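First comes the structure, then the notes that go with it.
What follows is calculated from the coordinates using simple rules that are stated; it is not laboratory data. In this text the structure is predicted, and so the values were computed from the model without any measurement. Here the Cβ positions follow ideal geometry from the backbone for every residue, glycine too, while neighbour counts run over all protein chains shown.
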Amino acid sequence: MLRLAREMTTNIAGSRETFAELHAALGDELTTELVLDIAYYNMVVRYLETIEVDVEPSYETYLERFPLPG
């Protein structure tokens, strides 16, 4: 799941290999839900970044502990 999320976030789409592994494990419904959840989160993050919404101070410690790649 995390590999698909990283691939979709970094490369816009997940690889066929990753998708096939998850689909085999999760089936149609859960795979669809997972892809939609990842895509939605990426859309929200890109929107907030574009309009320059700052991170709330209470979340800054999480970003320090779990920095975003790049």
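Okay, here's what the table says:
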quantity: Estimated dipole of the chain in Debye, rounded to 20 [Cβ of Lys and Arg +1, of Asp and Glu -1, Cα centre]; calculated: 240 debye
quantity: HN-Hα J in Hz across segment 31-43 - Karplus 6.51, -1.76, 1.60, θ = phi - 60°, x for Gly and Pro; calculated: 5, 4, 4, 5, 4, 5, 4, 5, 4, 5, 4, 4, 4
quantity: Two-site FRET efficiency, GLU52 against LEU2, from Cβ-Cβ distance with R₀ of 25 Å, rounded to 0.05; calculated: 0.35
quantity: Where GluC sites (Glu not before Pro) fall in DSSP loop in segment 5-57, at most 12 other Cβ within 10 Å; calculated: GLU52
quantity: R0 of 30 Å, Cβ-Cβ distance TYR59-ASP37: FRET efficiency to nearest 0.05; calculated: 0.95
